[in-house]
4 protein chains.
Amino acid sequence: MAAQGRVRVAVVGAGIRGSMFARALQQNPDAELVAVCEPVERTRAAAAAALGVPVCADVEELLTRFADELTAVVVATPDFAHRDVAVRCAEAGLHLLVEKPLATTVEDAEAITLASERAGVHAVVGFENRWNERFAEVRAQLAGGGQGRVVHQVANLNDTVFVPTQMLSWAGASSPAWFLMPHTLDLTMWLSDAVPVDVFARGVKRVLPGRGVPTWDVVTASFAMSDGSVVVLNSSWVLPTSMPSVFDFRYEVHTDTTSYTVDISPSGVTRYDAERASWLQFGVHERAGRLRGVPIDMVDDFVALLGGADLDLPGARHGLLVTRSIVAVHESLETGRPVPIGSGPAGPDAADAAPADPQSIPA
Amino acid sequence: MAAQGRVRVAVVGAGIRGSMFARALQQNPDAELVAVCEPVERTRAAAAAALGVPVCADVEELLTRFADELTAVVVATPDFAHRDVAVRCAEAGLHLLVEKPLATTVEDAEAITLASERAGVHAVVGFENRWNERFAEVRAQLAGGGQGRVVHQVANLNDTVFVPTQMLSWAGASSPAWFLMPHTLDLTMWLSDAVPVDVFARGVKRVLPGRGVPTWDVVTASFAMSDGSVVVLNSSWVLPTSMPSVFDFRYEVHTDTTSYTVDISPSGVTRYDAERASWLQFGVHERAGRLRGVPIDMVDDFVALLGGADLDLPGARHGLLVTRSIVAVHESLETGRPVPIGSGPAGPDAADAAPADPQSIPA
Amino acid sequence: MAAQGRVRVAVVGAGIRGSMFARALQQNPDAELVAVCEPVERTRAAAAAALGVPVCADVEELLTRFADELTAVVVATPDFAHRDVAVRCAEAGLHLLVEKPLATTVEDAEAITLASERAGVHAVVGFENRWNERFAEVRAQLAGGGQGRVVHQVANLNDTVFVPTQMLSWAGASSPAWFLMPHTLDLTMWLSDAVPVDVFARGVKRVLPGRGVPTWDVVTASFAMSDGSVVVLNSSWVLPTSMPSVFDFRYEVHTDTTSYTVDISPSGVTRYDAERASWLQFGVHERAGRLRGVPIDMVDDFVALLGGADLDLPGARHGLLVTRSIVAVHESLETGRPVPIGSGPAGPDAADAAPADPQSIPA
Amino acid sequence: MAAQGRVRVAVVGAGIRGSMFARALQQNPDAELVAVCEPVERTRAAAAAALGVPVCADVEELLTRFADELTAVVVATPDFAHRDVAVRCAEAGLHLLVEKPLATTVEDAEAITLASERAGVHAVVGFENRWNERFAEVRAQLAGGGQGRVVHQVANLNDTVFVPTQMLSWAGASSPAWFLMPHTLDLTMWLSDAVPVDVFARGVKRVLPGRGVPTWDVVTASFAMSDGSVVVLNSSWVLPTSMPSVFDFRYEVHTDTTSYTVDISPSGVTRYDAERASWLQFGVHERAGRLRGVPIDMVDDFVALLGGADLDLPGARHGLLVTRSIVAVHESLETGRPVPIGSGPAGPDAADAAPADPQSIPA
């Protein structure tokens, strides 16, 4: 692609993830990082220095200064702050790559979905585990046929208590279900080509509140899927910090004839020093000055998509359904009852619907 | 214990398990195997030859011939056939060791419970995993204090499809929940000292019916416990036969501060031959002509209990609660709703039962 | 066995192992613990209090007071101090159970072997891993035929640096080869029914000397076996203390057609607390007030042997060959050359040879 | 890099590996695949069709037609056939990427080394495990300091019997030492920055000869390293085919303070079907039509090196030392004695070779 053919992208949010996306764009020969948008002054200054591109304080400034030359934007703001950025940029005709989850309310997710659809822009949701070669191969085998139909899936994705108590400042406003289950739920859908239709969830809320973080310690959710299969998701936020990895990720998918078990946390390298045992992690790593790993591949595919590649990436409708499902998990946690998951997203007629009434949108 | 002080025991049911219990009694110096009862003539003849003790065709014959000299009976009939044997023997004043589950209906379990209580005999239920040193040590640590309170437990106990399609003739009348979950549910109660108060379950019923076994392929159940903790049990009956063990047993218990993961299937010895990989199993094994393993230890403790030892073995009330819980699992499977689990006494009929007053019987 | 028929045993050495053997004897209905012999006054007093049997300060006192009523003695003195006790007791007509290694010089091992042979007493050497059900089953399968002939074996038995620097006061006078390889070498011989004929060894001597323990950090030894197979033994004494077990024991045996891998360190239970990850260990554990585990089974078999049981236990000739082999390991470490291992032990005609010249003793 | 600035490369040998290297070059934007050279007509035709580039029957034709426009050549002929291709191309001024091992005789390896040095061309040897992120990270940590000095390393790299009996037609002319140990020996040198100075090896030669493949079943080699550390390499070619991977690769490196264990065979995904258990492998895999994996990264780095990048890739001197070491392994296998490994220059004949003065060539 000639330089003038490059995809021109801005990143909104310059935290750990946003900075990584910005670097990924800079190292992609088919992309150009145009600008970064970050409200916190110190973080903004650091991004400017590290990346050597213009920085803006907010999305309005970004659009005012760069809308004409931009093709797309990566939305890497905190989970609850996706809507305004995404809607505004979609309305400006920019393609979107939005971090998972698409949003943390159905209303927000619908608004982003409808805005992108009205504008006719791509809205890719960053369910990055699809770029993990392990899951991709299982998906390929299952989709290739001959492996039987999925009977049930069990996915454990947990964090040590370090994550909600030391790593995240906003854990109390989130939950292990919001932080972890979008990953595992997306995988169950992708591997089985089915959607969740009903969820029952339970949890415990005792340890983290006692440590000043008013959210669930652990959530377990049982989903009925549209193909008659069953999914169990378990996510804890209170595992001991002596675990060899800060996350504990184990996945099973069972069909009529075949079982796959996927262990993501152990990397193959265990290090024992005088203090502790740990599994070295290679999710994102640097080689010869370049970042590698699943989020980098995801960004590359987003760029390729915008360049015309025929890729099947998770879109806003899918992201909306995941958000609906996690909202339903929390509703079940509160009510103690199974909760149906409307799989009817904001549909085609919504394209011209103003104001959009999600209740009227057919599946 | 002098010979005349030995515990004199009969075994009812001379299948694989019954024969093993009979051998366990014969090798225990404090016990005497008096007779074996088995309705199937060929099996009965084999038992007579192998064990060298009198055999009876049914429990009436057993009681007629041996009631006066018996102290106890081991009930190793098929799951659905515990009630009559257990009640009749209890009424005859014999102590009971009943295979798990105590019964497969609440009515049967209540009948056995009340009969044993009226007769004032021990009714031990064979939840043999308590004799597995791994679980026993975890229990000892948790009960010893200082390990935090239990937050959640996840127990996977699965079988390969060999079990319902080739090993068991009566699988269609059972389910993975009846066959496997009594083990795991008992462990969750024992480790946490809590009882289940509510259950939600889902399952799939497609693969086994298609192979002529009209029962559930897989069941997942989510329990709310009396201490506020959460339990997830998963049991499949359709795992591939290429698994290195016919059963797949993984257990996790997480407290505020500590996690234990218990892997029962891998024994530490993997054998690779030209055909397959397998984990050698040592659950019951023979050494110098003597059987060893958890069911043998269980029988030995039953004998010791009858000899006056102060042992805390799982009794009929506990077995009744497990049966209630598994019945509730199936009710939830059918209704799609959470089902409360009555942890109360044996029920209305018991109210007029004299001398046993259910209100006075500790739960 | 009536009380007067019991095997009457004394234990020499009341350290951790000796005390355990004493308890094992006390709980064996066919044995009677007559006395314990221990030179260190405080340890002796503790043993007297804990065991409630007479204690002696040295083996002369033991023999003077109890020789007439003793059948056997367990030798649990430090490795280098086996000879005098064992020879004296054999000469007194007592059967011997000697901790492994039989001795740490060929001369000592020969002296014990010849003394026991002249006296016609059993001299069992405590290679306790033979009582580990995992190895016993592999041995049974290989000995049963149909599994091919052994091609090679690799055995890793390591300790964390805790063992030589904190647990053992006499580590500087020993080595990982003396402390660990007798176990693994014995297993390779037992599983293959072959004997070592030649050894080449290398090691490193840097870390432990730097910490004030003048011995080898790690030793690797390569053995040619009499059946043409090859054995590799690796033993380190400097592994990090963050390992989940104080020992690291992995074993492989490969035949023409079949491979067995045996992992002894992971018990199936991993415990994660705020500080560290650990594998709970069940090598010796207590149940209902009784000790269990491989050393207990070994003592029970020693008692059974003396009671007339037909058991194939490792004897002095075998212990002598192991000692010869480990001496050869150290000779190879020093010379940098392969060292032949005389498998010709002190033979039958040596019985009348005084003083015994090992060079003249035919194989 | 503009098209005219591209590195222009030919591949010699169009088997599995050569074809893969050719594809890697075609997908690298900084390289151009100019031609492929392959003597077997059918293979040559297939390569022409698959790759769409000119093909030649031998290296003379290649040089006659394309020497002027070539920058480099990848040598992917069988192990024993590297010398002539490499020397001829070096003499023509072409840079070399040679598959490991550099050669299978010291004479061949020296000839290639000297030819490349005289010509002043790069001669990179394809020790591809250095591009495995697991080993690269361990290397980075050890090289970064603070992890202690290496004490010992143990590397097991085995194949199932499928490899020598079904996959390779020329196994009888090779050995597990030639096929597998160059990988592991290279890693031990790279991780410790030390070189082997002496080796003792043993092996068994019974199973494969009995199956018509006249080579070693298993080889174990013990190396003294220049830094005083010890290395043990074990390589078998007769493991059972029921292993979940065709290769079994386990690596340990231990320092004063830290241990790393690296398990390469288990990928994190286990698949159980009706027939067997297997670990899915991702060593080389395809994503969006592009190859990925360690050999692809290696080729990319070779291209980058030729483009001027400052990369530290394994060169001919290193490849020569590995060849010397494996030759010494076989000499020890035959003689039963430890064999010193000359780490010096290319040898006496080289002394009079002008212009290259071996004394001036850095080891």
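Which part of segment A:275-304 falls in the paramagnetic zone of A:Met167, meaning amide N under 16 Å from the point 7 Å along Cα-to-beta-carbon?
A:278-285, A:294-295, by backbone N distance to the label point.
State, to one decimal in nm, how far the label point of C:Thr335 lies from the label point of C:Arg42, with both points 7 Å from Cα in the Cβ direction.
So the label points at C:Thr335 and C:Arg42 sit 4.4 nm apart.
Might you report the magnitude of the Cβ-based charge dipole of segment D:130-281 about its Cα centre, with Lys and Arg at +1 and Asp and Glu at -1, to the nearest 20 debye? Let's see the in-between values first.
Values: 11 positive and 14 negative charges, 77 e Å.
Using only the charged Cβ atoms, the result is roughly 380 debye.
By counting other Cβ atoms within 10 Å of each Cβ, how are C:Ser267, A:Ser325, A:Ser245 ranked from fewest to most? Could the numbers behind the result be given before it?
Working: C:Ser267 21, A:Ser325 28, A:Ser245 17.
Ascending Cβ contact count within 10 Å gives the list A:Ser245, C:Ser267, A:Ser325.
For chain B, what does the helix formula give at 222 nm: sum of -39500 (n - 2.57) over DSSP H segments with n ≥ 4, over the residue count, nearest 500 deg cm²/dmol? Don't jump to the answer; show the numbers that get you there.
Working: 11 runs with 122 residues, N = 363.
Taken over chain B, the calculation gives -10000 deg cm²/dmol.
Which value, in Å³ per residue, describes the convex hull spanned by the Cα atoms of the protein assembly as shown?
Working: hull volume 294.4 nm³, N = 1452.
Spelled out: Cα convex hull of the protein assembly as shown, divided by residues, is 203 Å³.
So, counting K/R as plus one and D/E as minus one, what does the shell of residues with Cβ under 15 Å around B:Pro78 add up to?
Neighbourhood net charge equals -3.
As a footprinting exposure proxy, order B:Thr188, B:Thr241, B:Thr261, C:Thr258 by other Cβ within 10 Å, with the fewest listed first.
B:Thr241, B:Thr261, C:Thr258, B:Thr188
With all pairs of different alpha carbon atoms counted, what Kirkwood hydrodynamic radius in Å does segment B:132-281 show?
16.4 Å
Give, rounded to the nearest 20 debye, the magnitude of the charge dipole that the protein assembly as shown has about its Cα centre when Lys and Arg contribute +1 at Cβ and Asp and Glu contribute -1 at Cβ.
60 debye
Can you work out the FRET efficiency for the pair A:Asp84 and C:Trp279, with r the C-beta to C-beta distance and R0 = 41 Å, to the nearest 0.05?
On the way: r = 51 Å, r/R0 = 1.24.
Efficiency for this residue pair is about 0.20.
What does the charge count near C:Ser265 come to, summing +1 for each Lys or Arg and -1 for each Asp or Glu among other residues with Cβ under 13 Å from its Cβ?
Surrounding charge for C:Ser265 is -1.
Starting at the first residue of segment B:185-193, write each ³J(HN,Hα) from the Karplus equation 6.51 cos²θ - 1.76 cosθ + 1.60 with θ = phi - 60°, in whole Hz, x for Gly and Pro.
With coefficients 6.51, -1.76 and 1.60, one gets 5, 4, 5, 5, 5, 5, 6, 9, 6 Hz.
Explain nothing, just compute: Karplus ³J(HN,Hα) = 6.51 cos²θ - 1.76 cosθ + 1.60, θ = phi - 60°, for every residue of segment C:322-333 in order, whole Hz, x for Gly and Pro.
5, 4, 3, 5, 6, 4, 5, 4, 5, 5, 5, 4
Starting with the fewest neighbours, write out B:Met181, B:Met225 ranked by other beta-carbon atoms found within 10 Å of each beta-carbon.
Taking fewest neighbouring Cβ atoms as first place, the list is B:Met225, B:Met181.
Please compute the Kirkwood hydrodynamic radius of segment D:58-106 from all pairs of different C-alpha atoms, in Å with one decimal.
11.0 Å
Would you mind computing, in nm to one decimal, how far apart the modelled labels at B:Glu91 and C:Leu311 are, each placed 7 Å from Cα along Cα→Cβ?
4.9 nm
Can you give the net charge of the other residues whose Cβ lies under 9 Å from the Cβ of D:Leu187, counting K and R as +1 and D and E as -1?
Charge balance in the 9 Å sphere: +1.
Considering only C-alpha atoms, what is the centroid distance from segment C:127-159 to segment C:14-72, in Å?
Here the answer is 34 Å between Cα centres.
Testing the spin-label approximation: label points 7 Å from Cα along Cα→Cβ at D:Asp227 and C:Arg211. State their distance in nm.
In this crude spin-label approximation the distance works out to 1.9 nm.
Over chain A, how many percent of alpha carbon pairs lie in each 20 Å bin up to the one with the longest distance?
Binned Cα distances yield the sequence 28, 60, 12, 0.
Among the lysines in the protein assembly as shown, how many pairs, 8 or more places apart or on different chains, have alpha carbons under 29 Å apart?
Within the protein assembly as shown, the lysine pair count is 4.
Name the residue, out of D:Gly52, D:Gly268, D:Gly342, whose mean-square fluctuation peaks in a Gaussian network model built on chain D with Cα pairs under 10 Å.
Maximum among the listed residues: D:Gly268.
Identify, among D:Val213, D:Val151, D:Ala194, the residue whose Cα sits farthest towards the positive end of the charge dipole of segment D:137-259, taking +1 on the Cβ of Lys and Arg and -1 on the Cβ of Asp and Glu, with the dipole about the Cα centre.
Towards the positive end, the residue furthest out is D:Val213.
Output wanted: per-residue J couplings in Hz (rounded whole) for segment B:173-181, from phi through Karplus 6.51 cos²θ - 1.76 cosθ + 1.60, θ = phi - 60°, x for Gly and Pro.
Working through the residues one at a time gives 8, 10, 6, x, 5, 5, 7, 10, 5 Hz.
I need to check one value: relative contact order of chain C, counting alpha carbon pairs closer than 8 Å and at least 6 residues apart, in percent. All intermediate terms of the calculation are to be shown ahead of the outcome.
Numbers: 738 pairs, mean separation 63.8, N = 363.
Taking the mean separation of contacting Cα pairs over the length of chain C, I get 18 percent.
I'd like the FRET efficiency for D:Thr241 and C:Ala140, computed as 1/(1 + (r/R0)^6) with the beta carbon distance as r and R0 of 30 Å, rounded to 0.05.
So, using R0 = 30 Å, E works out to roughly 0.80.
Given label points at 7 Å from Cα along Cα→Cβ, what nm distances, shortest first, separate D:Gly5 from the same residue in every other copy?
1.9, 9.6, 9.6
Coordinate-derived values only; no laboratory data. Quick caveat: nothing in here was measured; it's all calculated off a predicted structure. Backbone-built Cβ (ideal geometry, glycine too); neighbour counts: all protein chains shown.
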